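Some notes on the structure that comes next.
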Amino acid sequence: MRPQRMHTALDAEDARGLAEFYRQLLGLRYRAGDEPPTDGTPDDADWLVLVDASGRRQLAVQRTDVLPRSTWPSTEVPMQMHLDFAVPTAEALELHRLHAEQLGAQVLLTRTQVESEPLYVLADPAGHPFCLLVGVP
């Protein structure tokens, strides 16, 4: 038996903020116990896990004090890792790009003119690059 991916973990100076970005972008939910406080206490979360509708771990966000933003496409501060998210059509690509921007993402590269695999490279609010592309997951 080989190891199985448990989840992908991302560092962020604001763990809750980045977890919220991906929760809303991908339609995920918090693992039980990781929900935001509702009693007015400060949210000092250091580690948050997002799960899909069946409860499988998908992403985790870990708080760090300092996180230099990637300077991609420059290699001064490399990407190191990025996430790819497939959508079924060019129309869906535009809708999801707009949704990501409304949630705080920034477009870094537009490659929608490439018919074989149109895509956007975006940066999430913490600066992690990720791709939205027309493809098969």
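The values are calculated or read from the model by the stated rules, or taken from the named source; none is laboratory data. Worth saying up front: this structure is predicted, and the values here are computed from it rather than measured. Neighbour counts are summed over all protein chains in view; Cβ atoms, including those assigned to glycine, are modelled from backbone coordinates with ideal geometry.
Overview of values
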read-out: Set THR41, THR71: member being modelled with pLDDT under 95 and either at positive phi or out of contact with any Pro (no Cβ under 9 Å at 6 or more places or on another chain) (or both); value: THR41
read-out: Candidate set: segment 103-125, residues that are of a type in the set (Ser, Thr, Tyr) and surrounded by 12 or more Cβ atoms within 10 Å (Cβ to Cβ); chosen: the one farthest from ARG16 (Cα to Cα); value: THR112
read-out: Lone qualifier among GLU117, GLU76, GLU91 - being of a type in the set (Asp, Glu), in a helix (DSSP H, G or I) and not assigned by TED's automatic domain parsing to the domain that holds GLY27; value: GLU91
read-out: Any hit, segment 8-28, residues being outside the structural domain of LEU122 (by TED's automatic domain parsing), more than 26 Å from LEU93 (Cα to Cα) and exposed (fewer than 11 other Cβ atoms within 10 Å of the Cβ); value: no
read-out: Cβ-Cβ under 6 Å pairs, at least 6 apart or on other chains, segment 14-43 side without any contact (Cβ under 8 Å) to a residue 12 or more places away in the chain and over 15 Å from VAL61 (Cα atoms), far side of a type outside the set (Val, Ile, Thr) and surrounded by 10 or more Cβ atoms within 10 Å (Cβ to Cβ); value: PRO37/ASP43
read-out: From VAL49, VAL61, VAL114, residue being touching a helix residue (DSSP H, G or I) at 6+ places or on another chain (Cβ under 7 Å) and of a type in the set (A, V, I, L, M); value: VAL61
read-out: Pairs, first among the aromatic types (Phe, Trp, Tyr) in segment 76-101, second surrounded by 15 or more Cβ atoms within 10 Å (Cβ to Cβ) and outside any helix (DSSP H, G or I), C-beta under 8 Å, six or more apart; value: PHE85/PHE130; PHE85/CYS131; PHE85/LEU132; PHE85/LEU133
read-out: Selected residue (only one of SER70, SER54 is touching a strand residue (DSSP E or B) at 6+ places or on another chain (Cβ under 8 Å) and assigned to a loop (DSSP other than H, G, I, E, B)); value: SER70
